[in-house]
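These notes concern the structure reproduced below.
The values are calculated or read from the model by the stated rules, or taken from the named source; none is laboratory data. Keep in mind that this is a model prediction, so the values were computed, not measured. Neighbour counts are summed over all protein chains in view; Cβ atoms, including those assigned to glycine, are modelled from backbone coordinates with ideal geometry. Please note that ligands, DNA and RNA were not included when accessible areas were found on the heavy atoms of the full protein model with its side chains. Shrake-Rupley method; radii C 1.70, N 1.55, O 1.52, S 1.80 Å.
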Amino acid sequence: MNIFFDEVHKIFKLDTPHTSYIMTIADGKYLGHAYYGAKIEDTDVAYLTRVFEPPFVPSTNGRDKLSFLDCFPMEYPTHGIGDFREDAFSIRTEDGHEACELFYKDHEIMRGKPSIQGLPATFGLSADTLTLRIDLEDPVLSLKVSLFYSVFADNDCIARSVQIGNLSNNDIYLTKVMSASMDTEGENLSLLTLNGSWARERWMQMNPLGLGFQGVSSDRGESSHQHHPFFALCSEGTDQKHGEVTAMHFVYSGNFTAKAYMGQFNNVRMMMGINGEDFCWKLSEGEIFRSPEVIMTYSGTGLGTMTRNLHALYRRHLIRSPFLHRPRPILINNWEATYFDFNTEKILAIAKQAAPLGIEMLVLDDGWFGNRFDDNRSLGDWFVNEEKLSGGLKNLVDEINKLGMKFGIWFEPEMISPESKLYEEHPDWAIQIPGRTAGLCRCQYVLDLTREEVKEYVFKCLTDICDNANIEYIKWDMNRQLADLGSRYLKKDQMGELSHRYVLAVYEIQERLLQRYPNLLLENCSGGGARFDPGMLYYSPQIWCSDDTDAIERLKIQEGTALIYPLSTMGAHVSDCPNHAVGRNTPFETRGYVALAGTFGYELDVTRIPEEDRAMIPAQTKMYHKYHELVAEGDYYRLASYASNHLYDAYMVVSEDKKEALLTYVQVLMRPNFHSRKLRLDGLAEDKMYKIYKYDISTGEEVPYMTEKTGPSAAATPRESALSGKALMNAGLLIESPWGDFKGILLVIREA
Ligand code: DGJ
């Protein structure tokens, strides 16, 4: 890790362990981007910006300034001055002008990493992190724009953010503030994005990049089911192990834009930040606006390296929870078990069956409060429904605790139902535009969290419940998008701040909650996985991945999620069959292996599932405890993708010392007359010798996987000799086809 400024050539060079990021000051004032890629030793690479041949900068060729701006790889391009490609920053003055031109002014290289007030962000110590701040200025506007870049000693990611300071005496309206922009170029590039819908989150999509715009965004007030605040520019032929990948990932939970623009010279500009739609921030004299952070990473060895860079960064420099490295309690959630139809007896019956099977926490989902017998009412009325929970919540929690189980509870704190006591008293607390009938979604409105008294109310509701009983876990849900953006609190020239202020308020409440209950396990959720983003990970070490708990659908969802998030963050549960989202029947065993990829739990009525399924739970809970550390801390290698081959799925997690690995294989479709499939393993040490075992779910023990026969009628005996990592990764391993569809196998690979 290093950050260096070459005074002579005016070059900034940031080095991570394996990458270099280089910027240059051209013509004494324009900050340009020169290089991002594999680590290089040279600093003098300003020639890459093409300003020297012939000297092609405004000071020597002022008559063609616009031509210069049209192709110079501007590090932070602005609107209205003649760079006609997509801009990263735009403003409006009180007079209605929109131009802004930024010149290099100053810089500072510092140890450590400053936090971003009010926002989630990666962190680092002065020993392992360096930060560069480059100050740019528009002298006409008296506007200061500081670009921040942090590098980490142990990681190939770069964290970027922007801070805007108004040094003038006037109000300036920020209409677009991207957190990061980068100019590059290339041919035959593709753009990798994650897209979906409710119950189909984060499916991977690779599209060729053509001239013009391409990208994804959300203006739903959350990161969304539909698109994801991540994208990666990939060279031709990129796969898990090959290709150049430059990725951006947003540490934010609201509206976003991830845009790539390919221009006339095959120059590509990629940028990410708060979506400029629905955004207009009034910056008054002396005020500062801080953008959320973008994480960038470069890999010259395919998607696998990108994945491991991001996983490692989030585990070491983003997730703060004390639960990060701890086994999470294996929970049973009553949502798919009972929906709204439960009472104390039913919940206790589930807990009583679950406890002896090794399940460690009961989570009471939606429906325990107000008049909540269905999803048409009562959000905001966070007092216990004693008709359902006779004896009260504390009584139920105490009874659960007596069984040796922890207790967790569901909230949807950001919402208000039109049919609620809260709405009767405070109809103006909902986000609505006066005079316009606001649209409902799941029969609810969103609370205007920009108002102090609303934030206080929400916080008090949460703490009243948590103080009243031994609550050790909260599932924080959010089941609708933001629309009809109107606040009775914000002034008319601040209405464009509503969406961002809303997200800041969610962060503030979660921060306060965690400060008050440092040992609370928080799981974020949004109608499944609509707010699965790095911003949320700063507050909760796990996020509910999707409302689709079908083991086969989950393969795609979890592949896309694990592409950029550590497995320890993915909420994954075993649920009942036929599955409630798709009606599919899968073996209970397979459901367990698929849920092992995440935080592991159950989402079913354990009193009503088939006896043979129930009998498997002790071996599954044992499996989680045996392997969770490897799953949560190991390096992730994707071997095969059901999403692309439509037949089978496989991934590995490998311990840091490469002595132990886990391979999860799911055969989705059986092929007739197809006895075994050769799978090349990954991530092992070439020179170590390994033996392979299979987790036997009927006994909960590991048994040798590779066997040998000395003759056709001889009994199979375990293969004595071990195999080298080199053989397993090049020649491969034969996976015997299990009989039937939807069959899972869990293999353990141990150094012999
Ligand atoms: C959406 C969540 O994703 C589900 O798990 C469940 O909590 C429901 N909301 C409850 O309304």
Handout entry: Per-region count, the stretch 351-397, residues buried (at least 20 other Cβ atoms within 10 Å of the Cβ), out of contact with any Ser or Thr (no Cβ under 6 Å at 6 or more places or on another chain) and part of a helix (DSSP H, G or I)
Key = 4
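Matching residues to (1) within 18 Å of residue 306 (Cα to Cα); (2) open to solvent by 50 Å² or more (accessible area, probe 1.4 Å); (3) of a type in the set (A, V, I, L, M, F, W, C):
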| position | (1), (2), (3) |
| --- | --- |
| 159 | yes, no, yes |
| 169 | no, yes, no |
| 234 | yes, no, yes |
| 237 | yes, yes, no |
Exercise for the section: Could you figure out which of (1) within 29 Å of the chain's Cα centre (by Cα); (2) in a loop (DSSP other than H, G, I, E, B) isn't true of residue 672? Expected result: (1)
Exercise for the section: Considering only residues that are of a type in the set (Phe, Trp, Tyr) and assigned to a strand (DSSP E or B), look in the stretch 28-69 and name the one that is nearest to residue 101 (Cα to Cα). Expected result: 30
Completion exercise
In the set 347, 400, 409, the lone residue that is within 16 Å of the ligand (Cβ to nearest atom) and in a helix (DSSP H, G or I) is 347
Exercise for the section: Scan (1) under 23 Å from residue 494 (Cβ atoms); (2) open to solvent by less than 20 Å² (accessible area, probe 1.4 Å); (3) within 26 Å of the chain's Cα centre (by Cα) for the single condition residue 163 breaks and write down its number. Expected result: (2)
Completion exercise
If we keep only residues of the stretch 432-462 that are assigned to a helix (DSSP H, G or I) and open to solvent by 10 Å² or more (accessible area, probe 1.4 Å), then the residue farthest from the ligand (Cβ to nearest atom) is 452
Exercise for the section: Any chance you could count how many residues in the stretch 677-708 are within 31 Å of the chain's Cα centre (by Cα) and free of Cβ contacts under 8 Å to residues at least 24 places away in the same chain? Expected result: 0
Problem - residue 295 vs. criteria at negative phi, crowded, with 20+ Cβ neighbours inside 10 Å, in a strand (DSSP E or B) and in contact (Cβ under 8 Å) with a residue 40 or more places away in the chain - result: yes
Exercise for the section: Would you check if residue 338 is touching a strand residue (DSSP E or B) at 6+ places or on another chain (Cβ under 9 Å), more than 21 Å from residue 596 (Cβ to Cβ) and open to solvent by 10 Å² or more (accessible area, probe 1.4 Å)? Expected result: no
Handout entry: Residue match in the stretch 469-481 (condition: of a type in the set (Lys, Arg) and closer than 29 Å to residue 116 by Cα)
Key = yes
Completion exercise
Taking the stretch 328-344 and keeping only residues that are part of a helix (DSSP H, G or I), hydroxyl-bearing (Ser, Thr, Tyr) and within 16 Å of the ligand (Cβ to nearest atom), one is left with 338
Handout entry: Residue check, residue 197 at positive phi and surrounded by fewer than 19 Cβ atoms within 10 Å (Cβ to Cβ)
Key = no
Problem - Unique residue being assigned to a loop (DSSP other than H, G, I, E, B) and either open to solvent by 20 Å² or more (accessible area, probe 1.4 Å) or over 21 Å from residue 535 (Cα atoms) (or both) when the list is 316, 320 - result: 320
Practice task
Kindly indicate whether residue 99 is in a strand (DSSP E or B), open to solvent by 10 Å² or more (accessible area, probe 1.4 Å) and within 30 Å of residue 256 (Cβ to Cβ).
Solution key: no
Handout entry: All positions within the stretch 524-537 that are more than 10 Å from the ligand (Cβ to nearest atom) and over 10 Å from the mean Cα position of the chain (by Cα)
Key = 524
Completion exercise
How many residues of the stretch 463-499 are acidic (Asp, Glu), more than 16 Å from the ligand (Cβ to nearest atom) and touching a Gly at 6+ places or on another chain (Cβ under 9 Å)? The answer is 2
Problem - Boolean, residue 549 is within 21 Å of residue 643 (Cβ to Cβ), assigned to a loop (DSSP other than H, G, I, E, B), within 16 Å of the ligand (Cβ to nearest atom) and hydroxyl-bearing (Ser, Thr, Tyr) - result: yes
